[in-house]
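Novice: Sending over a structure as structure tokens; questions will come in a sec.
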Amino acid sequence: MKVLETTDLEQKFQDKIDREVKIEPNDWMPDAYRKTLIRQMSQHAHSEVVGMLPEANWITRAPNLRRKAVLLAKVQDEAGHGLYLYSATETLGADREATIDDLHSGKAKYSSIFNYPALSWADIGAIGWLVDGAAIMNQVALCRCSYGPYARAMVKICKEESFHQRQGYELLTTLANGTPEQKELAQDALNRFWWPALMMFGPNDDESPNSAQSMKWKIKRLSNDELRQNFIDATVPQAELIGLKVPDENLKWNEETGHYDFTPINWDEFWQVVNGNGPCNKQRIDARRKAKENGMWVREAALAFAEKRKKKQSA
Ligand code: 3HC
């Protein structure tokens, strides 16, 4: 068989992408495709794992057993999403330990939203409704990602995210229909989480260094701005339905475009948080490093057991 020049290989690869043929782990792929997928998928996994921290804080302070059980289930789901995505990243040749070390060293990113504190019980509702709501908007599109393992992981994860979003919205609905103090708690949570939730979709398209290529390779099926706009259009009516006001005085339905107009995002705040200067960045990474240290004995015991069993089997 003629040894295909890389350019021929890349052209054949792009033709596959254009024909909506899924790329699988053992298929030939450009190094840059592999690299950007490892970047995005590992950071997605980091986001799931760090995302457990703000909510875990409230498990022991949930107002009743039902709420505690729901929150426990959600946090456990997030851990599973993280493990699922770390495993999907390994199908590209990424090393799990090195990937996690990149998070702890600050080399890898995770979603900026998780660097904001969960200050009240209403925040747990806002996180479910807005953060998981934004994640769903983004992840439903990723179900059509060109890389097979990532797309398939998203199908399972989106099913669980829908429960996360509904339980958060129901929690806020309960508060918004409660006493004036409870309604105020719900409004305060919306005020603090609305803008960081919009930032989850990433910079504006013309400021995004990765989007153009990710769209060409059908990793991204909708752009950052399209997904953000879809999220706003879907979420504003939900806020209005429970009597909450989205904290944006320029928010206005535009009959011509069929979308909400909104105030431009404060990208200085976004990059401050992404670059490590958010309210909780240090606390979050310290917690992850501590979790790794505290769990070391479990990993060592499991490895010792596996080693012993391997020796026994080969004896
Ligand atoms: N927080 C931190 N970093 C962000 C960010 C955010 N909200 N948005 C963008 N960035 C980073 C990007 O990672 C990129 O940096 P890098 O090149 O060093 O990785 C840089 O800013 C420029 O952004 P781009 O738009 O060019 O980057 P992408 O094309 O990768 O798009 C993305 C960013 C939309 C977040 C995309 O990576 C993506 O879709 N990721 C998968 C979904 C994901 O990670 N979601 C995070 C939340 S998960 C979650 O909330 C789970 C829920 O269950 C709690």
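Novice: Return the Rg/Rh ratio of the stretch 1-118 with Cα-based radii and a Kirkwood Rh.
Specialist: Details: Rg = 19.1 Å, Rh = 16.7 Å.
Answer for the stretch 1-118: 1.15.
Novice: Quick check: the distance between the Cα centres of the stretch 203-236 and the stretch 76-96, to the nearest angstrom?
Specialist: First find each Cα centre; the distance between them is then 23 Å.
Novice: If you don't mind, another one. What share of Cα pairs, in percent, lie more than 18 angstrom apart in the stretch 115-224?
Specialist: Of the Cα pairs, 56 percent sit more than 18 Å apart.
Novice: Here's something else I'd like to know. Among the trypsin sites (Lys or Arg not before Pro) in the stretch 49-150, which ones are in a DSSP loop with at most 16 other Cβ atoms within 10 Å of the Cβ? Mind listing them?
Specialist: LYS107, ARG144
Novice: Return the Rg/Rh ratio of the stretch 23-81 with Cα-based radii and a Kirkwood Rh.
Specialist: Ratio of gyration radius to Kirkwood radius for the stretch 23-81: 1.25.
Novice: Moving on. If you take all C-alpha pairs in the chain, what percent of them are over 33 Å apart?
Specialist: Values: 15028 of 49455 pairs.
Tail of the P(r) past 33 Å holds 30 percent of the pairs.
Novice: Nearest 500 deg cm²/dmol is fine: what mean residue ellipticity at 222 nm does the chain get from its DSSP H runs of n ≥ 4 alone, each adding -39,500 (n - 2.57), divided by its residue count? Before the final figure, lay out each step's value.
Specialist: On the way: 14 runs with 202 residues, N = 315.
Estimated from H runs of four or more residues: -21000 deg cm²/dmol.
Novice: Here's something else I'd like to know. Considering Cα pairs under 8 angstrom that are at least six residues apart, work out the relative contact order of the stretch 76-218 and quote it in whole percent.
Specialist: Details: 121 pairs, mean separation 41.1, N = 143.
Value for the stretch 76-218: 29 percent.
Novice: For the chain, what is the charge dipole size about the Cα centre, in debye to the nearest 20, if Lys and Arg each add +1 at the Cβ and Asp and Glu each add -1 at the Cβ? Don't skip to the answer; put the middle values down first.
Specialist: Working: 42 positive and 44 negative charges, 371 e Å.
For the chain, the charge dipole is close to 1780 debye.
Novice: Decide, for the stretch 205-315, between rounded, prolate and oblate: order the square roots of the alpha carbon gyration tensor eigenvalues as a ≥ b ≥ c, take rounded if a/c falls under 1.5, and otherwise choose prolate if a/b is larger than b/c, else oblate.
Specialist: In terms of gyration-tensor shape, prolate.
Novice: Let me ask something additional. Please tell me which of these pairs span more than 27 angstrom C-alpha to C-alpha: LYS35/LYS216; LYS220/LYS290; LYS109/LYS218; LYS109/LYS290?
Specialist: On the way: LYS35/LYS216 15 Å; LYS220/LYS290 34 Å; LYS109/LYS218 22 Å; LYS109/LYS290 18 Å.
LYS220/LYS290, as the Cα separations exceed 27 Å there.
Each value in this text was obtained by applying a stated rule to the coordinates, not by laboratory testing. Keep in mind it's a predicted model, so treat the numbers as computed, not measured. Quick reminder, even Gly has a Cβ in these numbers, built from the backbone with ideal geometry, and neighbours come from all protein chains shown.
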